[in-house]
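These notes are about the structure you will find just below.
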Amino acid sequence: MLNAPTTPVAQNPVSSQPEKKLAMPLLYRHIIVLLVVLFAAASRGDPAGGAYDRPTCQLEPSTCSHVSVRYPFHLYNGTDEAVPEHGELQSSHCGYPGLAIICDDDRPILRLGRDNYTVSNINYTSLTISLADADALGDDTCPMVDHNVTVPKQFHLPTSTIAYLFFFVNCTFLPEADFATPSRKPPSIKPVTCGSSGQEPAMSFVLPEREIPPKDWWQACRSVYAAPVLKDALPADAKDPGWREGGYAKALRGGFQVGWDRSSGPCGQCEQFGGKCGYNGTGGLLGCFCADGALVVGNAAGCSKISDTTAPLPGRRHSKDRTKICKNHLSTTYKLFCKLHL
């Protein structure tokens, strides 16, 4: 009896069985390398895929001179050149954007817009910070303001404590015989007499808002600036010789207050659960740093419970964080990696 013809099978020069035996260990090696990278990223707590420094959320309040600096403010111990114009840090920080305190030779500085203001006190109960124009705190007995105050959106000026001094700088008026307007000096105002500001033909005036004469006489002045001061620092009479001789400098050095509001939105939710908001160098919200040191990306309610969206603070490499990850992954490859690295 003849056997049925068989279909010829092409013969491979190399057997496929040994190839499978070689491929499997190689696959495991690739998986383990990938896991090493993932675990390294997890230990850095990098939720956005970019590098950032460890925020100081869990540290004790910092001190610059006599001022205690803590959340939502953050201390920056660098040079002015390292801080961009709008007060945003290049690295990540714990606290609201724009609330960086620069400690310059043990002098706390807050930048509003492009100008520096010396911090004399931060009241975390009333949510106010006391500031003074850094240029007015020098040795000049007859300081002149050369800029207005830029108040960022993070702050507001409390109207109950703030008044304004107006600086009319280098005003040149026509002779009294010439009745042209607005180049005629109002008779109700007198120039400052300290320095050279009161010498004709150019005169300067420092007036509270209530004593500014009407009409457009101020157009004869080269510059006009407004400076906030405390209401109780205003003079009873701006024509008083002591005020005009440089007494107004005391009002400038007394400074003013700005207030800040507790954050709303995701940051407000974070604080309700006892967390603190972390931001990157461009003012973007990184997430909520919980009291236990975990970073919640997304719903801040995760601070009150164990959440899969948590990651350790950058720089913290505790084995309990890796143990948690390993318990959530039960595959043979993960178990092997965890056994080797825990």
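Worth pointing out:
- Selected residue (criterion: surrounded by the fewest Cβ atoms within 10 Å (Cβ to Cβ)) from residues of the range 238-275 that are among the basic types (Lys, Arg) and over 21 Å from residue 152 (Cα atoms): 239
- Test: residue in the range 179-197 that is of a type in the set (A, V, I, L, M, F, W, C), at pLDDT below 90 and under 13 Å from residue 144 (Cβ atoms): yes
Yes/no per residue for (1) part of a strand (DSSP E or B); (2) at pLDDT 95 or above; (3) over 14 Å from the mean Cα position of the chain (by Cα):
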site: 85; (1), (2), (3): no, no, no
site: 90; (1), (2), (3): no, no, no
site: 131; (1), (2), (3): yes, yes, yes
site: 140; (1), (2), (3): no, no, yes
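- Residues that are modelled with pLDDT of 90 or more and outside any strand (DSSP E or B) do occur in the range 220-230, at least one of them.
- Among the residues making up the range 198-219, those that are among the hydrophobic types (A, V, I, L, M, F, W, C) and either surrounded by fewer than 17 Cβ atoms within 10 Å (Cβ to Cβ) or in a helix (DSSP H, G or I) (or both) are 217, 218.
- Listed by first and then second residue, the pairs with beta-carbon distance under 9 Å, at least 6 apart or on different chains, first residue in the range 226-254 and on the phi > 0 side of the Ramachandran plot, second of a type in the set (S, T, N, Q), are 246/141; 246/193.
- Subset of the range 124-134 [in contact (Cβ under 8 Å) with a residue 12 or more places away in the chain and of a type outside the set (Phe, Trp, Tyr)]: 126, 127, 128, 129, 130, 131, 132, 133, 134
The values are calculated or read from the model by the stated rules, or taken from the named source; none is laboratory data. Keep in mind the model is a prediction, meaning the values are calculated, not measured. Because the Cβ atoms are built from the backbone with ideal geometry, glycine has one as well, and the counts that use them run over all protein chains shown.
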